[in-house]
Amino acid sequence: MPKKNDWSPATLAAQAMGKIDEPSRAVVPPIHLTTTFIRDPDNQYRTGNIYGRPDNETVREAESVIAMLEGATNALVLGSGMSAAVAVFLALKPGDHVVAPKVMYWALRNWLMNDAAEWGLRTDFVDMADLAAVEAAVKPGETKLVWLESPANPLWTVTDIAAVARTAHAAGARLAIDSTGATPILSRPLDLGADIVMHSATKYLNGHSDVLAGALATRQDDAFWARIKRVRAIQGLILGPFEAFLLIRGMRTLELRVKAASAGALELATRFSNHPHVLEVLYPGLSTHPQHALAARQMKGGFGGMLSIRLRGGESHAVATAAAVSLWKRATSLGGVESLIEHRASIEGPGTPCPADLLRLSTGIENVEDLYADLDRAMRESAGDGK
Ligand code: PLP
């Protein structure tokens, strides 16, 4: 009989690691809601369960799936992607130096520039596609963390994870990566040398736009990981058990959803590349993308469900198109089964690297012909074609 270790990640995720509830023999384990636990007769807590703020059984079940998917030693789930990212930075010390990308999730960039700077972190923002710039920015002995995001929201630039890991490690720094857009189905950054992987589990991991959650996975269960765990426990950043249950349910279909979204995104990217109203399509799966070869090397089985399009008609046409869609939902976020469209510069505000003519598309799992037809019609109608 093949061993559990030989089963593929999709198999293990579909069965949430095969865990059943022994007392009832239930295939779907119950949600552990308790916040407190009975002590043993001799005053000990032998199960390891003491209180709900440091840990929870349903949360641990979600973590075991994420650790398996990422090939990690350990994982943690937290109340949001932002709380996961912030927990990593708060595990550093005031005065530490950080290198982060110019193109990254905007709210985290703003937090690093403002709040983290006030708290004492020094962050330099670099173009992660320029390895010489990364090398120049990393200060041996001073830089404690290099943060990157690949593909990076919302321009979908790709970073050479293995090369940045080598640079970070040579300087004595750790490499952490926001891999939300890639998902563990398409990319496993720990295998490429990263130390910590972060996800907004609100997106693909949960996949149904009904849970706010974050995840971290680590290569090594070391002192830095212990500090991150402490930040989560002290600040109460743990995910609630009901949300953890929904997250486990979402991850059972992760591979199916990610592959469907990736196939749809590639088809849309290809077709919109030849659309009269489209100036440029930003998608690493296109052979015209400047980092396509790198993306093909470090992403397996697809290039993700996220793409952006820039419209020839500029900002006003982009905003009007987002207002004219009917099947696509005009909303923020990404990674759900429903397709979303967003004029990104409006939300990111001043300082965004995002051009004003850009629409960000999160491809869901709907029929791709329906998606193409709706956006094609919205672009043409809002441009006044045929009038
Ligand atoms: N990282 C990326 C790439 C994101 O897109 C987001 C949210 O949009 C986050 C992090 C933050 O995650 P959350 O909204 O779950 O806090």
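Against the condition modelled with pLDDT under 95, away from the ligand (no atom under 16 Å from the Cβ) and open to solvent by 70 Å² or more (accessible area, probe 1.4 Å), how does residue 19 come out, does it pass? Steps first, answer last, please.
Details: modelled with pLDDT under 95: yes; away from the ligand (no atom under 16 Å from the Cβ): yes; open to solvent by 70 Å² or more (accessible area, probe 1.4 Å): yes.
It is true that residue 19 is modelled with pLDDT under 95, away from the ligand (no atom under 16 Å from the Cβ) and open to solvent by 70 Å² or more (accessible area, probe 1.4 Å).
Each row is one residue, and each column tells you yes or no for (1) touching a residue at least 60 places away in the same chain (Cβ under 8 Å); (2) away from the ligand (no atom under 16 Å from the Cβ); (3) touching a strand residue (DSSP E or B) at 6+ places or on another chain (Cβ under 7 Å).
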| position | (1), (2), (3) |
| --- | --- |
| 311 | yes, yes, yes |
| 322 | no, yes, yes |
| 328 | no, yes, yes |
| 331 | no, no, yes |
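Could you say which residue among 269, 223, 173 is open to solvent by 10 Å² or more (accessible area, probe 1.4 Å) and more than 24 Å from residue 14 (Cα to Cα)?
Values: 269 fails: open to solvent by 10 Å² or more (accessible area, probe 1.4 Å); 173 fails: open to solvent by 10 Å² or more (accessible area, probe 1.4 Å).
Answer to the check: 223.
If I filter the stretch 161-170 for residues that are closer than 27 Å to residue 212 by Cβ and either touching a residue at least 12 places away in the same chain (Cβ under 8 Å) or not assigned by TED's automatic domain parsing to the domain that holds residue 233 (or both), do I get at least one hit? Step through it out loud before you land on a result.
In the first step, residues of the stretch 161-170 are kept if they are closer than 27 Å to residue 212 by Cβ; the result is 161.
When the remaining residues are screened for being either touching a residue at least 12 places away in the same chain (Cβ under 8 Å) or not assigned by TED's automatic domain parsing to the domain that holds residue 233 (or both), the result is 161.
Yes: the stretch 161-170 contains one or more residues that are closer than 27 Å to residue 212 by Cβ and either touching a residue at least 12 places away in the same chain (Cβ under 8 Å) or not assigned by TED's automatic domain parsing to the domain that holds residue 233 (or both).
Looking at the stretch 117-159, which of its residues are assigned to a loop (DSSP other than H, G, I, E, B), among the charged types (D, E, K, R) and buried (at least 21 other Cβ atoms within 10 Å of the Cβ)?
First, the residues of the stretch 117-159 that are assigned to a loop (DSSP other than H, G, I, E, B): 120-121, 127-130, 138-142, 150-151, 153-156, 158-159.
This time we only want the ones that are among the charged types (D, E, K, R), so: 127, 130, 139, 142.
Matches in the stretch 117-159: none.
Does at least one position in the stretch 41-56 carry a residue that is within 16 Å of the ligand (Cβ to nearest atom), in the same structural domain as residue 167 (by TED's automatic domain parsing) and among the aromatic types (Phe, Trp, Tyr)?
Of all residues in the stretch 41-56, those within 16 Å of the ligand (Cβ to nearest atom) come to none.
Within the stretch 41-56 (the criterion being within 16 Å of the ligand (Cβ to nearest atom), in the same structural domain as residue 167 (by TED's automatic domain parsing) and among the aromatic types (Phe, Trp, Tyr)), the answer is no, since none of the residues qualifies.
With respect to the numbered conditions (1) open to solvent by 20 Å² or more (accessible area, probe 1.4 Å); (2) over 18 Å from residue 179 (Cα atoms); (3) in contact with a Pro (Cβ under 9 Å, 6 or more places away or on another chain); (4) within 16 Å of the ligand (Cβ to nearest atom), which one is the sole condition not fulfilled by residue 358?
All conditions pass for residue 358, except number (1).
Which one is modelled with the lowest pLDDT, of the residues in the stretch 101-116 that are in a loop (DSSP other than H, G, I, E, B) and hydrophobic (A, V, I, L, M, F, W, C)?
In the first step, residues of the stretch 101-116 are kept if they are in a loop (DSSP other than H, G, I, E, B); the result is 102-105, 114.
Filter once more, so that each one left must be hydrophobic (A, V, I, L, M, F, W, C): 103-104.
Working: 103: 91, 104: 94.
Selected residue: 103.
With at pLDDT 95 or above and assigned to a helix (DSSP H, G or I) as the only criterion, which of 359, 286, 375, 279 stands out?
On the way: 359 fails: assigned to a helix (DSSP H, G or I); 286 fails: assigned to a helix (DSSP H, G or I); 279 fails: assigned to a helix (DSSP H, G or I).
Sole residue among the options that is at pLDDT 95 or above and assigned to a helix (DSSP H, G or I): 375.
Considering every residue within the stretch 183-206, establish whether at least one is open to solvent by less than 10 Å² (accessible area, probe 1.4 Å), part of a strand (DSSP E or B), away from the ligand (no atom under 12 Å from the Cβ) and touching a Phe, Trp or Tyr at 6+ places or on another chain (Cβ under 6 Å).
No - not one qualifying residue is present in the stretch 183-206.
Looking at (1) closer than 26 Å to residue 372 by Cα; (2) not in a helix (DSSP H, G or I), find the lone condition where residue 270 falls short.
(2)
Taking the condition of being within 16 Å of the ligand (Cβ to nearest atom) and buried (at least 21 other Cβ atoms within 10 Å of the Cβ), how many residues in the stretch 99-111 meet it? Before you say what the answer is, go through the steps one by one.
Residues of the stretch 99-111 that are within 16 Å of the ligand (Cβ to nearest atom), as a first pass: 100-111.
Adding the requirement that they be buried (at least 21 other Cβ atoms within 10 Å of the Cβ) leaves 100-101, 103-105, 108-109.
Residues meeting the conditions: 7.
The values are calculated or read from the model by the stated rules, or taken from the named source; none is laboratory data. Just so it is clear, the model here is predicted, and its values are computed rather than measured. Here Cβ is always computed from backbone atoms with ideal geometry, including for glycine, and neighbour counts include all displayed protein chains. Remember, those area values only see protein heavy atoms, side chains included, never the ligands or the DNA or RNA. Shrake-Rupley method; radii C 1.70, N 1.55, O 1.52, S 1.80 Å.
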